[in-house]
1. When a footprinting reagent is the concern and you count Cβ atoms within 10 Å, what order do THR160, THR146 take, fewest first?
2. So for segment 185-265, averaging the separation of alpha carbon pairs under 8 Å that are six or more residues apart and normalising by length, what relative contact order in percent results?
3. Taking the beta-carbon count within 10 Å as an exposure proxy, list ARG48, ARG186 from fewest neighbours to most.
4. Can you sort TRP249, TRP77 so the residue with the fewest Cβ neighbours within 10 Å comes first?
5. I want to check the label-to-label distance for PHE120 and LEU82. Put each point 7 Å from Cα in the C-beta direction and report it in nm to one decimal.
6. How do 211-222, 232-243 rank on mean C-beta neighbours within 10 Å, highest first?
7. Read phi for every residue in segment 220-237 and hand back ³J(HN,Hα) as whole Hz from Karplus 6.51 cos²θ - 1.76 cosθ + 1.60, θ = phi - 60°, with x for Gly and Pro.
8. Along segment 146-158, what does the Karplus equation 6.51 cos²θ - 1.76 cosθ + 1.60 (θ = phi - 60°) give for ³J(HN,Hα), rounded to whole Hz, x for Gly and Pro?
Amino acid sequence: MENLETQVVTGTDYIGKYTSQFITILVDYSPRLISAFLILFIGLYAIRLLNRMIRRLMVARNLDPTLSKFLADIVLWVLRVLLFVSVIDKLGIGTSSFVAILGAAGLAVGLSLQGSLSNFAGGMLIILFKPFRVGDFIEAQGVSGTVAEIQIFVTRLSSTNNQTIFVPNGALSNGNIINYSVAGTRRADINFTVSYDSNLQEVKNILNTIIQNDPRVLKEPAPAVIVTGLVDNGVTIAVRPWAKNDDFWAMHSDVLEQTKSQLYEAGIELQPFVKEFSVSPK
């Protein structure tokens, strides 16, 4: 019984001793803890305020929206990392060892994310050299669409049938890009074939009348109707009207429709495409 009471007293002494040490450490450490929390909250508020000021300044300077967002995000994360280092330094944690660990972790992450880093570098090249902008219609990497957003790692396109396409910036910056929006105008290449019995001058007159009566076809550069080839099933003729980018597809469709209907009314038949087959003797 006496041993049990002795063990209870000894356990109580240990609890009291550790409780007293914990309270002492907490009291001694509380100024650093409070200071670190104050730095954290004030720093986050200051970073948010500074980020808003930077964004407004970029808008006032008429910088490209994509470039403004990209630079603002970079500044935001750099300031957050600096704030985090300041907080752990205030808590008494050695920043030198932390920076070394962070560098080693960054190297490991960089080696494992080489593709993502390539996309990041590609995004920076696209933003800096601007081969296209938001709103441009482009064709690249086997897809085409209107540029909806240029992100750090990918570019988001909206196709003509309202599908969203994400193209990695690494492949996009290293490949061929066709930008249909830079010049503001675009030429349609409409090719078809008529029979050898057709009156070519009559055909050309009909086609010239069609494109001259379409108000969306530009006078400059001048449209053209030319013979481009003599093939097995007839004479190939090309109609090359110019239009503004916004009017291009509507003009293209109407010229095709008018060509078919007016040539049919004039008794001129369009020749079908003939594919040649080579059959080896048995």
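Please treat every number below as a calculation from the coordinates, not as lab data. Since this is a predicted model, take the numbers as computed values, not measurements. We place every Cβ from the backbone using ideal geometry, glycine too, and count neighbours over all the protein chains shown.
1. Going from least to most buried by this count: THR160, THR146.
2. 41 percent
3. Lowest to highest Cβ neighbour count: ARG48, ARG186.
4. TRP77, TRP249
5. 1.9 nm
6. 232-243, 211-222
7. Once rounded to whole Hz, the list reads 10, x, 5, x, 9, 10, 9, 8, 10, x, 10, 10, 4, 9, x, 9, 8, 10.
8. Values, residue by residue: 8, 5, 8, 7, 9, 8, 5, 9, 9, 10, 9, 10, 10 Hz.
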